[in-house]
Amino acid sequence: MTNWNDRISPIVKSVPPSGIRRFFDIASEMEDVISLGVGEPDFVTPWSIRESCVYGLEQGYTSYTANRGLMELREEICFMHKRRFELDYNPKTDVLVTVGVSEALDIAMRTILSPGDEILIPEPCYVSYKACATLAGGIPVPVPAKAENDFRITPADLEPHVSPKTKALLIGYPNNPTGAILSKEDLEAIARFAVKHDLIVISDEIYGDLTYGDTKHVCFAGLPEMKDRTILLNGFSKAYAMTGWRIGYALSNPDIIAAMTKIHQYTMLCAPITAQIAAVEALRHGEKYMRKMVSEYDKRRRLIYDGLQKAGLKCFEPKGAFYIFPDITSTGLSSEEFAEKILMQEHVALVPGNAFGECGEGFVRCSYATSIEQISEALARIEHFVNHL
Ligand code: PLP
């Protein structure tokens, strides 16, 4: 009998399944589960954005677009970066509209990594980073960020991991899973490090609009000498509650964008026209809705930050994204044991920190992209769990 498993490429086999999925599968079979597990806004996409898509369909916009995306959308993306970050991108040559940041990450890696090239990836990090690097034929080199430094990566953390094969660095701030951000000074230090080692930097800024208090997002490409060296990735999934639309983009120098476009044109052809029309509306008129959602996340953030500490779990205050990363070492449980037990006993779903890299062990990720009522109930259950171990 044919062993189909033998036919699967060793590179694909070498990539482990996502550590997040397992808990969702168990949780989906249970009743009365409160999920702090998913990294997805609980809001519906604002109506004016949905309406623009409906209107587009009524007008018969159902075709392919240019490979790089609708010119209108590329222009809006460039206007926004000029307005907010003083960055000058050319909509004709410096922008590629992609099928979510997910596609942008995949093709950015495939564009810059040759077989055996290394890419530094600070951990804990979003689960796709290492997998995309491996699937591109590169070698992801995890760099642990220090918990005592609130998981902010520094050149001192990165330096020992540089080798002659290091070609690139991937940063993702505000960070999934920790909620950490990097200050302008932190980012400037990383920029100097990138110049010193002549690295391309992939900067995943999908949570850039989700920052709280007096924290203002600093766009990495806006730092001196970083614009051409950076592949800036962003999208609409999180800030505009548009996860299902599958729309994102990459900004970089014309050579890199042309090379990414080459892969994109053979694999995706273009991002869905419906989502591109909606994204134009999001950038033109969606900011007020986005600000409202951010202010709601902020209330939830403060509630969960206080509540987790009251439950006896140490955590640093997250300043961005919609995640908090409490330290669960005081319970004596591993992060997997904690996630499994709290799901079985209290019906609260969250994600073990080790799903985001080894240095996430001892932590769990809680998403606060859910209602105040759900968070309050989850906090009561977490407190009960911690007090009855
Ligand atoms: N980057 C990070 C850090 C994420 O957390 C996610 C989704 O959770 C993505 C990228 C993928 O986003 P998209 O929906 O745009 O593909």
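Scanning the range 129-161 for residues that are touching a strand residue (DSSP E or B) at 6+ places or on another chain (Cβ under 9 Å), assigned to a helix (DSSP H, G or I) and hydrophobic (A, V, I, L, M, F, W, C) gives 131, 132, 133, 147, 158. Being out of contact with any Phe, Trp or Tyr (no Cβ under 6 Å at 6 or more places or on another chain), surrounded by 24 or more Cβ atoms within 10 Å (Cβ to Cβ), touching a residue at least 40 places away in the same chain (Cβ under 8 Å) and more than 30 Å from residue 51 (Cα to Cα): is that true of residue 318 here? When the stated conditions are applied, residue 318 passes them. Can you pull out the residues in the range 169-226 that are in contact with a strand residue (DSSP E or B) (Cβ under 6 Å, 6 or more places away or on another chain) and either more than 16 Å from the ligand (Cβ to nearest atom) or at positive phi (or both)? 179, 194, 199, 200, 221 - these are the residues of the range 169-226 that are in contact with a strand residue (DSSP E or B) (Cβ under 6 Å, 6 or more places away or on another chain) and either more than 16 Å from the ligand (Cβ to nearest atom) or at positive phi (or both).
Within the range 32-91, the set of residues being part of a helix (DSSP H, G or I), over 25 Å from residue 258 (Cα atoms) and among the aliphatic types (A, V, I, L, M) comprises 49, 54, 57. When 56, 19, 69, 37 are checked against the criterion of being under 29 Å from residue 294 (Cβ atoms), under 24 Å from the mean Cα position of the chain (by Cα), assigned by TED's automatic domain parsing to the domain that holds residue 177 and surrounded by 18 or more Cβ atoms within 10 Å (Cβ to Cβ), 69 stands alone in meeting it. Tally up the residues in the range 349-383 that are over 23 Å from the mean Cα position of the chain (by Cα) and buried (at least 23 other Cβ atoms within 10 Å of the Cβ), please. Residues flagged as over 23 Å from the mean Cα position of the chain (by Cα) and buried (at least 23 other Cβ atoms within 10 Å of the Cβ) within the range 349-383 amount to 2.
Meeting the requirement of 3 or more residues that are without any contact (Cβ under 8 Å) to a residue 12 or more places away in the chain and β-branched (Val, Ile, Thr), no helices (runs of 4 or more DSSP H) wholly within the range 209-315 can be named. Does residue 263 qualify as being over 18 Å from residue 84 (Cβ atoms) and either within 11 Å of the ligand (Cβ to nearest atom) or crowded, with 24+ Cβ neighbours inside 10 Å (or both)? So residue 263 does not fit the description; no. Scan the range 194-235 for residues that are touching a Lys or Arg at 6+ places or on another chain (Cβ under 9 Å), of a type in the set (A, V, I, L, M, F, W, C) and closer than 18 Å to residue 39 by Cβ and the total you get is 2.
The numbered conditions (1) under 16 Å from residue 362 (Cα atoms); (2) surrounded by 23 or more Cβ atoms within 10 Å (Cβ to Cβ) are all true for residue 301 except (1).
The values are calculated or read from the model by the stated rules, or taken from the named source; none is laboratory data. Computed from a prediction, not measured in an experiment: that's the story for all the values here. Glycine gets a Cβ as well: all are built from the backbone with ideal geometry, and neighbour counts include every protein chain shown.
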